[in-house]
1. Looking at the range 251-279, which of its residues are polar (S, T, N, Q), part of a helix (DSSP H, G or I), surrounded by fewer than 19 Cβ atoms within 10 Å (Cβ to Cβ) and touching a residue at least 12 places away in the same chain (Cβ under 8 Å)?
2. How many residues are closer than 19 Å to residue 175 by Cα and free of Cβ contacts under 8 Å to residues at least 60 places away in the same chain if we restrict to the range 7-24?
3. Restricting to the range 44-91, count the residues that are modelled with pLDDT under 80, among the basic types (Lys, Arg), part of a loop (DSSP other than H, G, I, E, B) and exposed (fewer than 14 other Cβ atoms within 10 Å of the Cβ).
4. I'm checking my understanding of the structure. Among residues of the range 192-202 that are surrounded by fewer than 24 Cβ atoms within 10 Å (Cβ to Cβ) and in contact (Cβ under 8 Å) with a residue 40 or more places away in the chain, which one is farthest from residue 149 (Cα to Cα)?
5. Might you check whether a residue that is within 30 Å of residue 132 (Cβ to Cβ), in contact with a Leu (Cβ under 9 Å, 6 or more places away or on another chain) and either surrounded by fewer than 17 Cβ atoms within 10 Å (Cβ to Cβ) or at pLDDT 95 or above (or both) occurs anywhere in the range 184-191?
6. So, in the range 20-43, how many residues would count as being more than 28 Å from residue 68 (Cα to Cα) and either part of a helix (DSSP H, G or I) or in contact with a strand residue (DSSP E or B) (Cβ under 7 Å, 6 or more places away or on another chain) (or both)?
7. For the structure I just gave you, tell me whether residue 113 is within 27 Å of residue 19 (Cβ to Cβ), touching a Ser or Thr at 6+ places or on another chain (Cβ under 9 Å) and surrounded by fewer than 23 Cβ atoms within 10 Å (Cβ to Cβ).
Amino acid sequence: MISQAPLDIQIENVLALIHKAGLEIGAIQNAQALSNYYRKALEGLQGRKSKGAFQRANMVFGHDDAMAFSRLLSDDALTSLDDKGQADVICREQDPLAQQKAALLRAAVACLGALSPEHKSLFDFLITDIFLMPSRQASGGSTSCAIGVIWANPKLTYRIPDVVEFLVHELTHHAMFIDEHRHGHYDYSVILRPETWAQSALLRAPRPLDKVIHSIVVAVEIVMFREKYLGHPATPLVHPPTSRILPQIAASLAAASQVIDALERNGETPISPRVNALLRGARDVVESDSFAEYRAAPKDCR
């Protein structure tokens, strides 16, 4: 999300989270103190301690420890409706490839820093723990009830740039979770009703509005990261090529806007002004001259 909201905004969001946890932000004088208070805030708000160190996430691939983290992803405290069955995605057995996957993740984190020091700085700050558990359905994920925790299950066939995109994807979710603590994003009494669902930008399936908006913001971050740092891969393995993502974002924006407009005409306010601003920014990116050649490319380009 750092391409859509600069680093100073991200730090302000973290300070707001710390304040929400009842901690005194006036005592924070440097980056390490900010990191310590951030972890204390997560403990106070979500009841979990991290073993990660300053500017280094805790990598968890031992089975028992990873299982403990997997329970954090079994329920989403804000969106209790599990529309994709996430609670059953993570397998419980030992992953014999866990150490190799951990090495791939470490290489991708280092590559992220070489490509974009700002993304790496935010990643080192926000992500406290990465745990590895196998799955037959997914390569990883995050949840708002475990801010700072990423579940990772990269395929060993993934190239390092693919895993970098996975890290940027998950980092964007966590930045959005924290942004919501500061600004408030949704009226959950409205957006959990099935009739308010819209098409998501990456899965291209009907989902609750909060997940659709996350999908839009994540997809925009991916294409912006490619444009600024990574380049636009011809055969990416984690996300579609840019010539396919852009029309998917546009379709998702249109679907979300249709739902939001209908709710607002009915006197309901499903999203906050902050989310409106994020959606306007996403629309500006999709329509910008920088991506004109990808909008004109064949939609089935691989």
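1. Residues of the range 251-279 that are polar (S, T, N, Q), as a first pass: 252, 257-258, 266, 269, 272, 276.
Retained after the next criterion (residues that are part of a helix (DSSP H, G or I)): 252, 257-258, 276.
Within this subset, residues satisfying the condition of being surrounded by fewer than 19 Cβ atoms within 10 Å (Cβ to Cβ) are 257-258, 276.
Within the range 251-279, 257, 258 qualify.
2. First, pick out the residues of the range 7-24 that are closer than 19 Å to residue 175 by Cα: 7-21.
Subsequent filtering for residues that are free of Cβ contacts under 8 Å to residues at least 60 places away in the same chain retains 8-9, 11, 15, 18-19, 21.
The qualifying residues number 7.
3. 1
4. The initial filter retains those residues of the range 192-202 that are surrounded by fewer than 24 Cβ atoms within 10 Å (Cβ to Cβ), namely 192-197, 199, 202.
So of that shortlist, the ones also in contact (Cβ under 8 Å) with a residue 40 or more places away in the chain come out as 192, 196-197, 199, 202.
Numbers: 192: 24, 196: 29, 197: 27, 199: 26, 202: 21 Å.
In this case the residue turns out to be 196.
5. Initial filter on the range 184-191 (within 30 Å of residue 132 (Cβ to Cβ)): 185.
Remaining after also requiring in contact with a Leu (Cβ under 9 Å, 6 or more places away or on another chain): 185.
Going one step further and asking which of them are either surrounded by fewer than 17 Cβ atoms within 10 Å (Cβ to Cβ) or at pLDDT 95 or above (or both), we end up with 185.
Yes, that holds for at least one residue.
6. Going residue by residue through the range 20-43, those that are more than 28 Å from residue 68 (Cα to Cα) are 24-31.
If we keep only those that are either part of a helix (DSSP H, G or I) or in contact with a strand residue (DSSP E or B) (Cβ under 7 Å, 6 or more places away or on another chain) (or both) as well, we get 25-27, 31.
Count: 4.
7. Working: within 27 Å of residue 19 (Cβ to Cβ): no; touching a Ser or Thr at 6+ places or on another chain (Cβ under 9 Å): yes; surrounded by fewer than 23 Cβ atoms within 10 Å (Cβ to Cβ): yes.
When the stated conditions are applied, residue 113 does not pass them.
Listed here are the residues, each with its yes/no results for (1) out of contact with any Lys or Arg (no Cβ under 7 Å at 6 or more places or on another chain); (2) within 14 Å of residue 293 (Cα to Cα); (3) of a type outside the set (D, E, K, R).
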{"site": "223", "(1), (2), (3)": "yes, yes, yes"}
{"site": "229", "(1), (2), (3)": "yes, no, yes"}
{"site": "232", "(1), (2), (3)": "no, yes, yes"}
{"site": "235", "(1), (2), (3)": "no, no, yes"}
{"site": "238", "(1), (2), (3)": "yes, no, yes"}
{"site": "247", "(1), (2), (3)": "no, yes, yes"}
{"site": "255", "(1), (2), (3)": "yes, no, yes"}
{"site": "262", "(1), (2), (3)": "yes, no, yes"}
{"site": "267", "(1), (2), (3)": "yes, no, yes"}
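The values are calculated or read from the model by the stated rules, or taken from the named source; none is laboratory data. Source: prediction; values computed, not measured. Don't worry about glycine lacking a Cβ; one is built from the backbone with ideal geometry, like all the others, and counts go over all protein chains shown.
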